[in-house]
Amino acid sequence: MAASKLPVLPVTNYPKKRAGGLFLHPVFYITCWIFFSNLTILFNKWLLDTAGFPVILTCWHMVFASLATQCLARTTSLLDGRHGIKMDRKLYVRAVLPIGILYSGSMVCSNLVYLYLNVAFIQMLKAASPFATLVVAWLWRQENPTRALVIKILVIVCGVLLASAGEIHFSWPGFLYQLGGLLFESVRVVMIHALMSGGDMDTDPLVSLYYYAPVCAVTNVLVAGVTDWPSFQWEDLARVGVGMLFLNAFIAFLLNVSSVFLIGKTSGLILHLTGVLKNILLVILAVLIWGTAIAPLQIFGYSVALLGILFYKMGWDEVKMHTMSFSNRYTDASGSTDEKKLATFVRRALFFIALVVVTVIVLRQRPPTGGLFTHAHSSPNSDVEKLPKPDVH
């Protein structure tokens, strides 16, 4: 399931702590987060194509996360931030419960959309999240958009519309599920902002997961009782394998852990740029693995949307300032010369691979006949989904 920004909870005067422990270069944390985020999405897509129980899969992820965070809270210091939260019934009902339900809705919609649309197009649609968040914040009376902000948002919307117009396997159900996921996520983000408006009251994603995972698990079980369970067959589970389900949930949990260290070791600008890079790499992987057909109009539209997102979140002056700051941190970072050379090599390799793959996509004159993985059946709604869709309604 898609990797999204996790909810935060109100806390008392508890100092922020950056992820400690053994020093590693920020490139390591960036690479880990990108790897686990994209691997989780691709793994989920494979499970849904193979077995097709989207809501049950989210249930399993949240049950695993609930158990894992309980174990970490009792055996490590990663969740010590929870001691700064004065959790009572009022706070639980006001913050944890609604945020957990909203995040559950976002996860369910985000998983259902993979039954109808390909991975690459889904990432393009997700670029519209700033627009949805701004609209919800305006309705919530948290934002009073300026002309400059509206222009930035319109650039993003135009890019997404261009990408949608170029989609070969467009599906209205998939589009509406993605829209629902964006709305759930936007309301969740705005609600978090409202809860935090009283002061410095945020905590890290892993502590948040400790609180809302049980709420999400219960909510998803109720939803699955209506959608997945009536058509679920144990043969679907056997086809995937119990071991693969455990591995999938473990990787999804590692994504949450890696996000904690990423936040602790990098700046806000690097977080934004890393998210853009992650989405671009995911689109490239979808093309390489499944042979997803990407039209030139989609590439242009997605590029416009990504540029709009960068303008929306910072602007050129802030980009330059943070880039210089990060460059100085990189130069002064402790570590061996070999380690710095390796980091430089990794960055150049990623750039070269992205450049080559994007060039190949642009030069293609016709849709591909297949990718690295091929299946016996095809779907009218997505070139990625090769098995018949289960009845989830």
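The numbers here are math on the coordinates, done by the rules we state, and not lab data. Remember, it's a predicted structure, so these values are computed and weren't measured experimentally. Backbone-built Cβ (ideal geometry, glycine too); neighbour counts: all protein chains shown.
Residue exposure proxy: Glu167, Glu185, ordered by other Cβ atoms within 10 angstrom of their Cβ from fewest to most, comes out as Glu167, Glu185.
Of the trypsin sites (Lys or Arg not before Pro) found in segment 132-215, the ones in coil according to DSSP and having at most 12 other Cβ atoms within 10 Å of their Cβ are Arg141. Rounded to the nearest Hz, the phi-derived 3J(HN,Hα) couplings of segment 288-298 under the Karplus curve 6.51 cos²θ - 1.76 cosθ + 1.60 (θ = phi - 60°) are 6, 7, 9, x, 4, 7, 10, 7, x, 4, 5, where x marks glycine and proline.
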